[in-house]
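Read the figures in this text as sums done on the coordinates, not as results from a lab. In this text the structure is predicted, and so the values were computed from the model without any measurement. Cβ: placed from backbone, ideal geometry, glycine included. Neighbour counts: every protein chain shown.
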Amino acid sequence: MTLETIAGKFFHMDRWIGATPIGNGNINDTYRIDFEADGVSQTFIMQRLNHTIFRQPEAVMQNICMVTSHLRDNGFPYESPAPLAAFNGLFFYIDPSGNYWRCFPFLADTYAPEGKTDISTALESAKAYGAFARALRDLPAKNLAETIPGFHDTDRRWDVFMQVVQDDPAGRVAGAAEEIDAMLRAKPVFDTVSKLKKSGDLPLRVTHNDTKAGNVLFSSHTHKAVAVIDLDTVMPGAILSDFGDMVRTFVPDKMEDDPTEITLNSAILEALTSGFLSETADFLTSAEKDHLLLGGAWITGEQALRFLTDWLAGDIYYKIQYPSHNLVRTRNQLAVFSGLR
Ligand code: GN1
Ligand code: MG
């Protein structure tokens, strides 16, 4: 089935113009689609949700709808595009091969600041993600489905990692001895977070869980943040991970798969902290505020663990562009981790 046919399940179109891949997602396939209807040219986002990773696509859409409507009704001062219904009345069209397709409004004249790490961009982004947490602070976390079970349960991810090291299904363990060793040395950070979670010091909140530099959109004209996107992983979680994913992606001067030397920018870290706290300081607990920085080390270390696990497993989770992509990502994240620790 062509992308044009799939788009036709959502929109009345007089003339199809085309579909262009957009963004840097590691999981889903995202396109900008253009067509004409009633003499007007129109643009939307059309995306194939990876249903082998998101195993309950309906629950994902339910979470997104609940969160976008809560944001809309609670003064969230940015956009957060809600999904559009298909002609079948659902937020999905399932194609004959079982792929889940969905559409979102396209925000024109915007860009994601991925790999563009300056202080004002970091400050703006942290305010936007902070406002997101703020607008959702009274939405009970238990109302949301846990669409990827144990998403930031690092203890569980650790067990999967140890198992793959033991089984060595792709024959890559010997060649990754250094990275495995670095991972073992990172374990105390995971243990500290795990203890904090178990102590109840980190309340369950509605969290975004993918607050990277690629998921906040800026206006090309004003260079101000205009939207928070990619709500696929909104779930019950710990606020530390949302702060942590910002640290992981804004503080280094390189993208997460850049093989060259990385420098961390402490002024950006300060901007993230003050921007985030300007929106959240009045409702976060003191334990949450005290451990924001730990969130940065945690999520970066966990991301290294996830990339390394995927490398050792034979590249079964993340999309890769070249054979050693996951190993390069692992080394990059380990370098960021050791700078944050
Ligand atoms: C994946 O596909 P994307 O870029 O939205 C991943 C995140 C990772 C991120 C690393 C469902 O997100 O958890 O942090 O790659 N999403 C899932 O870039 O695993
Ligand atoms: Mg995502």
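Observations
- Summary of packing: across the peptides 181-189, 300-308, the per-residue average of other C-beta atoms within 10 Å ranks them, highest first, as 300-308, 181-189.
- Against the rule of thumb 2.2 N^0.38 Å, how large the Cα Rg of the range 182-223 comes out: 1.83
- Shape category assigned to the range 158-227 from the gyration tensor of Cα positions, a/c cut at 1.5: oblate
- Spin-label model distance (nm) - S199 vs F283, 7 Å beyond Cα toward Cβ: 2.4 nm
- Shape category assigned to the range 3-106 from the gyration tensor of Cα positions, a/c cut at 1.5: oblate
- If only the Cβ of Lys and Arg carry +1 and only the Cβ of Asp and Glu carry -1, the dipole of the range 119-340 around its Cα centre is close to 340 debye.
- Computed label-point distance, nm, for sites S274 and V40 using a 7 Å Cα→Cβ extension: 4.3 nm
- Judged by the gyration tensor of its Cα atoms, with axes a ≥ b ≥ c, the range 143-191 is oblate; a/c meets the 1.5 cut and b/c is at least as large as a/b.
- Within the chain, antiparallel bridges make up roughly 95 percent of the DSSP beta bridges whose residues both belong there.
- Whichever lysines have a C-alpha closer than 19 Å to that of K116, once near sequence neighbours (fewer than 8 apart) are set aside: K127, K212, K224, K254
- A straight Cα-to-Cα reach below 18 Å connects K195 with the lysines K187, K289, residues fewer than 8 places away in its own chain not being considered.
- In summary, the range 119-340 shows an alpha-carbon radius of gyration equal to 1.00 times the 2.2 N^0.38 Å reference for compact globular proteins.
- Helical mean residue ellipticity (222 nm; -39500 (n - 2.57) per DSSP H run of 4+; nearest 500) of the chain: -14000 deg cm²/dmol
- Placing pseudo-labels 7 Å out from each Cα toward the beta carbon at Q62 and N265 gives an inter-label distance of 4.2 nm.
- Proximal aspartates and glutamates relative to K198, as straight alpha-carbon distance under 19 Å, when same-chain residues fewer than 8 apart are discounted: E146, D153, D155, D159, D242, E288, D290, E302
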